[in-house]
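Asks: Below is the structure I would like to discuss, written out as structure tokens.
The values are calculated or read from the model by the stated rules, or taken from the named source; none is laboratory data. Computed from a prediction, not measured in an experiment: that's the story for all the values here. Reconstructed Cβ throughout: ideal geometry from the backbone, glycine too, with neighbour counts over all protein chains shown. Areas reflect the complete protein model, heavy atoms only, side chains present, ligands, DNA and RNA absent. Shrake-Rupley method; radii C 1.70, N 1.55, O 1.52, S 1.80 Å.
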Amino acid sequence: MWKCFALEFAFVTLAACGGGSEPGAVDMAAPIIDSADVPPPARGFQVVSKDVEILPGQEITYCYYFRTPNTEPMAVNKWKSVMTPGSHHMIMYTTTTEVMPAGTISASSCGFGGGIGNTPLWTYAAQLPEAEIALPSDDGSGNPLAQLIQPNTPAYFQMHYLNATESPISVHVTLNAEALEAGVAYTKTAAYVTYNDDISIPASTNNVVQTKTCNTPANAKFWTMSTHAHKQAVKTEVTSGQAVAFTSTDWEHPGSQDWMTAPFYTFANNQLTFSCTYNNPTNRTITAGDSAATDEMCMATGYYFPANGPKICYCPNGTPGCVLL
């Protein structure tokens, strides 16, 4: 059974972020940004999730299911997202078929489900209330990079919320996808993520390292790399052989390593190793799972090209190896 990505990336920069003095605390001085304040792009599309109420002290993950509103293929070369206060992070996944009917918002079975035939494909993610990512404008031969989004694509937002106030709050996400003009030559890029489902952190232990090695697409060039983990993580790292491609000691704001111009970054022997180091102060064993409050994750997250679509390297529980899907 595939575990849910309760991430919780992102990204890209996708994976989780908080504001205020406590992780995920709502800054009540910050204005609530309405979708009307975010104009849609001149070319591309905009998606606004339905409003949902988060009760005082509640931490919960919702998924908002939709179909992309574009009526023609779009080569997206810039993403911009705005999350109302109380949002911890968001991820956009696309799927081959609908997981739930468009317009549904649900906290049930929200995340990385659907099985191998309908594996959600990481498309964009954000950890900050306002975030954007502009893709590299030159692949080394003069063409910009872009993500191809087909018309009416089934998709959903995974949205992690934490209301640290004493009053209910209403939350939603606005996402703009800015696209190249029709007919512009471009090189396809897509997300590459790993997921370690084989995590076990014994009770009352420190500096427990969980490591896996994954294949990358042959001759892939990466233009950004980051990691995602939950609150027990004290260090995350991605390596290429003995070389460190990315490292962070901040689980909430890991940042990213970007290579925005040629020659970009290539992993030696088409392999990367990703690891997370954990301290477990609880009296129970912590394993991989859906809950950002009680479970853990270890992921490498990045974008590569040339791409024929998003890739996930999945490391099943109880097995030493990983499989690139």
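Asks: What FRET efficiency comes out for the pair Glu72/Ala185, r = Cβ-Cβ distance, R0 = 22 Å, nearest 0.05?
Replies: 0.85
Asks: Which entries of Lys78/Lys221; Lys80/Lys221; Lys50/Lys212 have Cα-Cα distances beyond 30 Å here?
Replies: Beyond 30 Å: Lys50/Lys212.
Asks: Additional query: What shape does segment 198-300 take by its C-alpha gyration tensor, where a ≥ b ≥ c are the square roots of the eigenvalues and a/c under 1.5 counts as rounded, a/b above b/c as prolate, and the rest as oblate?
Replies: prolate
Asks: Here's something else I'd like to know. Once fully extended, how much extra length lies between Thr104 and Ser167, figured as 0.36 nm per residue of separation less the alpha-carbon to alpha-carbon distance?
Replies: Taking Thr104 through Ser167 to full extension adds about 20.2 nm, to one decimal.
Asks: Could you run the Karplus curve 6.51 cos²θ - 1.76 cosθ + 1.60 with θ = phi - 60° over segment 70-87 and give me ³J(HN,Hα) per residue in whole Hz, x for Gly and Pro?
Replies: 5, 9, 9, x, 10, 9, 7, 10, 7, 10, 9, 10, 10, 10, 5, x, x, 7
Asks: Another one. Hey, could you get me the Stokes-Einstein D for segment 49-153, Kirkwood radius over alpha-carbon pairs, 37 °C and 0.692 mPa s, rounded to whole µm² s⁻¹?
Replies: Taking Rh from Cα pairs, D becomes 210 µm²/s.
Asks: Would you mind classifying segment 137-288 by shape? Square roots of the alpha carbon gyration tensor eigenvalues, ordered a ≥ b ≥ c; an a/c under 1.5 is rounded, otherwise it is prolate if a/b is larger than b/c and oblate if not.
Replies: Oblate.
Asks: With every protein chain in place, what's the accessible area of Arg284 (1.4 Å probe, Å², nearest 10)?
Replies: Accessible area of Arg284: about 90 Å².
Asks: At most 11 other Cβ atoms within 10 Å and a DSSP loop assignment: could you name the GluC sites (Glu not before Pro) in segment 99-181 that fit?
Replies: Counting only loop positions with at most 11 other Cβ atoms within 10 Å, the GluC sites (Glu not before Pro) in segment 99-181 are Glu166, Glu181.
Asks: Please report the carbon-and-sulfur percent of the accessible area for the chain; probe 1.4 Å, protein heavy atoms only, DNA, RNA and ligands left out.
Replies: Within the chain, the accessible surface is 50 percent carbon and sulfur.
Asks: Still on this model: In whole angstrom, how long is each semi-axis of the equivalent ellipsoid of the chain, when you take the square root of 5 times every eigenvalue of its Cα gyration tensor and sort them from largest down?
Replies: 27, 26, 18
Asks: Any idea which of Ala177, Trp79, Gln150 is furthest toward the positive side of the dipole for segment 37-182, if Lys and Arg beta-carbons carry +1 and Asp and Glu beta-carbons -1?
Replies: The listed residue farthest towards the positive side: Gln150.
Asks: Let me ask something else. With every protein chain in place, what's the accessible area of Thr277 (1.4 Å probe, Å², nearest 10)?
Replies: Estimated to the nearest 10 Å², Thr277 gives 20 Å².
Asks: Nearest-5 percent of antiparallel DSSP beta bridges in the chain?
Replies: Antiparallel bridges: around 90 percent, rounded to the nearest 5.
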